[in-house]
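The values are calculated or read from the model by the stated rules, or taken from the named source; none is laboratory data. Remember, it's a predicted structure, so these values are computed and weren't measured experimentally. Backbone-built Cβ (ideal geometry, glycine too); neighbour counts: all protein chains shown. SASA here: full protein model, heavy atoms, side chains in, ligands and nucleic acids out. Shrake-Rupley method; radii C 1.70, N 1.55, O 1.52, S 1.80 Å.
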Amino acid sequence: MSVKSCQQLHPLDSLATEAKVITLLDKMTLDEKIGQLSQLSGDGGQVSKELRKAIKQGQVGSIINEVDLDTINELQRIAIKESRLGIPLLIGRDVIHGFNTIFPIPLAQAASWSPEIVEQCAQISAIEASNSGINWTFAPMIDIARDPRWGRIAESLGEDPYLCKTLAKSMVKGFQGEYLSNTNSIAACAKHFAGYGASEGGKDYNTTNIAENELRNVYLPPFKAIADTGVATFMASFSDLNGVPATGNDWLLSDVLRDEWRYSGPVISDWEAVPQLVTHGFAFDKSDAANKAFTAGVDIEMASNCYLSYLTSLVSNNTIAIKKIDDSVKRVLTLKFKLGLFESATTLPNNQNNAMNLQHLSIAKNAATKSCVLLKNDNQILPLSKLAITNLAVIGPLADDGYEQMGTWAFDGKAHQSHTCLNALHAYAKDSFKIHHAVGLETSRSNHNDGFYEAIAIAKNADVALMVLGEEAILSGEAHCRANIDLPGAQEDLIDEIHKTGTPIVLVIMAGRPLTLEKIIAKVDAILFVWHPGTMAGPAIADLVFGAESPSGKLPVTFPRSVGQIPLYYAQKNSGRPPSEDKYLALNSIPVRAPQTSFGMAATYLDIHFSPLFAFGYGLSYSQFGYTNIKVMNKLITIGSFVEISVTVSNIGNFTAEEVVQLYIRDLVGSVTRPIKELKGFQRIKLAKGKSTEVKFKLHTDELAFYNRHMECKAEAGHFNVWIGGDSNATLQAEFEVTDEK
């Protein structure tokens, strides 16, 4: 999908803006300049004397976490009418997957494999947020996430750089529109730069150690992609990177972001990350922290006051040059001009675009529907038929909880406005069958079995038990990492008891991360993994369960069998001794007192199979799709040209359905070792039953380029395998060759 730059001005407008910025800068005192580099937290719907005074004195450039429209308008009035220079404020908020209308969490949106859906969700989020006076969001989070223990995997777009960068560009386009000055556009922010998703042990804020080659080939491409397409701002990561905290990492923020990529927008710290340089042991005190963060390239300090307290003295003693202060202030002022804040910073209420309008809800439902992933469907138990059911048992604490279905980072959603699964099922059933509900467990974390009796009783008398289990919203997200990612609490015990009744089980799982389901998978007949689907979870799930829609989501991240397999991702290296079935040596197959040997000689574990439980890209449909006739139109291409690949996809099942056709390649020999598979293209198609279509991909050799051992990004001559199929285990294969000969 081609995405145009989202914030660039016409050259003449750009020159005019630059002139306005310089004129304004010339009028500013040093304290007023430093004020533009300081972001303070709002007062929760009021304006304190301290905040009012700080704005009047020009000590505040932006506000975070204020959402009351009247309060925001008052803050802007003070800045424009009562400060000396009348500079409007940036108003920031974590608008991550919706504002009032809550869409599926970002990881779920990634499961849609739909740039169009991601753009629509961001666009509506921007409309609703901008109507409350917000002009800046701290999204998208584009950290590559390969450890499901990490709580913030919920906020990510998954494990793959290609999928992540493709969807991230669409999210930025949705937030920012064609021009930032448009009424319903808000500035986006690329975070967390960089490597945060590789935190050791999947623990938030933790150390990251990533070789530069791996950093450039895996973790940086999504950031580079949206820098090139005009994301308005960047945010430095909390974590350190190879011993240097990102907030004070001049190589990352200056050498790479500014010098190599020529990025011109502002960079902001994360929450109180500047003083945390002292905690890291990287700065001696807060003055040293301010110096190191600012010198490295952080323009704006979020929430804390090191810049306000120490930049003046650092300039006075010539530790920091005034030109560097001016450069940072120019970036902030330029963004404010691009947003049109100098023309109009006051927001008028717009009831037409308020949350919960029918268009927003329709798009939220479609996003939820397309993001759900069918992991298991034994004997085609799904979809259920109204005609075949007399009694449906709905069991689980998440079946009727409008709050939990919204997921993490849903500050501004309202639980009472959520459409729950139980309510949607009642609306669907009407008088055609009876629904009996039991929570079974008070919460997803409950360890007691007080509610089991009622759940067992309704299951015994039901045709099907629909169990809605998983994680509460608070169990994923920032600072909510888990060492054990099984179903929490006594949920596995509850599944055991319902399984004993002999009633078929359809398991609907709400969660903010992949879960380890090996212990329960044989006890349920179907698994629909719905993530945290947002406001319209219920109607989307009901449509899928009863076949009004066919599931079409695909996993954006690998599901391990056990936490002991982590990190586990599809694009791993081959190693010198790759695992295979003939080399797999199970623990219980080793004779007692066997002589010491390295028999097997493969990169695998003795006590678990080397494969994932569910592979990246995996997802079932109510129909079945056949892949045949893969063709490479030009099997020998030169560097700088295209290879064209096609495949015939047929709907060989009984339902009209959508399929995500995925293309993977392998560079068989490189100057540095390459992954066993890499996603390089995908298309979402819809086919009626019995129909076939030819799906074509056009792949430029630039997409085959990678950073070599000299940190040069180049495509190399060589032989390539290519696969097309419905997931990363695709077996339909062809070959092509790239040559550097003209």
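Before moving on, here are some points about what is shown:
- Each part reduced to its alpha carbon centroid, the range 583-662 and the range 134-148 end up 29 Å apart.
- For the range 434-571, share of DSSP beta bridges that run antiparallel, in % to the nearest 5: 0
- In the chain, helical runs assigned H by DSSP with n ≥ 4 each contribute -39500 (n - 2.57); averaged across all residues and rounded to the nearest 500, the mean residue ellipticity at 222 nm is -7500 deg cm²/dmol.
- More than 15 angstrom apart: percent of Cα pairs within the range 359-413: 72
- q = 0.16, 0.17, 0.19, 0.21 Å⁻¹: log10 I(q)/I(0) that the Debye formula gives for the range 554-690, counting C-alpha atoms only: -1.05, -1.11, -1.21, -1.29
- Positive-end residue, the chain charge dipole about Cα centroid, Cβ charges, pick of Ile608, Ala490, His436: Ile608
- Computed about the Cα centre, the dipole magnitude for the chain is approximately 980 debye when only Lys and Arg (+1) and Asp and Glu (-1) carry charge, each at its Cβ.
- Across the range 294-349 the C-alpha pair distances fall into 10 Å bins from zero in the proportions 20, 42, 26, 11, 2 percent.
- Pairwise Cα distances in the range 61-192 exceed 25 Å in 28 percent of cases.
- FRET efficiency, 1/(1 + (r/R0)^6) with R0 45 Å, evaluated for Asn350 and Ala16 via beta carbons: 0.95
- Taking packing as the residue-averaged number of other Cβ atoms within 10 angstrom, the listed peptides 240-253, 157-170 run from highest to lowest as 157-170, 240-253.
- Ratio of the Cα radius of gyration of the range 364-499 to 2.2 N^0.38 Å, where N counts its residues: 1.09
- Packing-based ranking, highest mean first, of 308-321, 718-731, 111-124 given that Cβ atoms within 10 Å are counted: 111-124, 718-731, 308-321
- What the Cβ-Cβ distance of Asn461 and Ala415 gives, at R0 = 22 Å and to the nearest 0.05, is a FRET efficiency of 0.10.
- Calculated FRET efficiency, Asp378 to Ser671, Cβ-Cβ distance, R0 = 60 Å: about 0.80 to the nearest 0.05.
- For the range 282-422, averaging the sequence separation of C-alpha pairs within contact (under 8 Å, six or more residues apart) and dividing by the residue count gives a relative contact order of 12 percent.
- Per-peptide average of other Cβ atoms within 10 Å, ordering 402-412, 601-611 highest first: 402-412, 601-611
- Gained length - Glu703 relative to Arg258, 0.36 nm times residue gap less alpha-carbon distance: 157.8 nm
- Restricting the range 402-445 to trypsin sites (Lys or Arg not before Pro) that sit in a DSSP loop and have at most 14 other Cβ atoms within 10 Å of their own Cβ leaves Lys430.
- Length available on full extension from Glu581 to Asp31: 0.36 nm per residue minus the Cα-Cα distance, which gives 191.3 nm.
- Cross-link pairs Lys33/Lys338; Lys173/Lys635; Lys583/Lys714 - those with Cα-Cα distance over 30 Å: Lys173/Lys635; Lys583/Lys714
- Largest-first principal axis extents of the Cα set of the chain (Å): 76, 67, 56
- Cα centroids of the range 7-85 and the range 298-313: 15 Å apart.
- Taking N as its residue count, the alpha carbon Rg of the range 424-533 over 2.2 N^0.38 Å: 1.08
- Between the range 668-736 and the range 393-422, the alpha-carbon center distance in angstrom: 39
- The percentage of C-alpha pairs in the range 284-407 whose separation is greater than 27 Å is 59%.
- Bridge type composition, the chain - antiparallel percent by DSSP, nearest 5: 55
- With protein chains left intact and a 1.4 Å probe, residues in the chain average 39 Å² of accessible area per residue.
- Each Cα pair under 8 Å and six or more residues apart adds its sequence gap; the mean of these over the residue count of the chain is a relative contact order of 13 percent.
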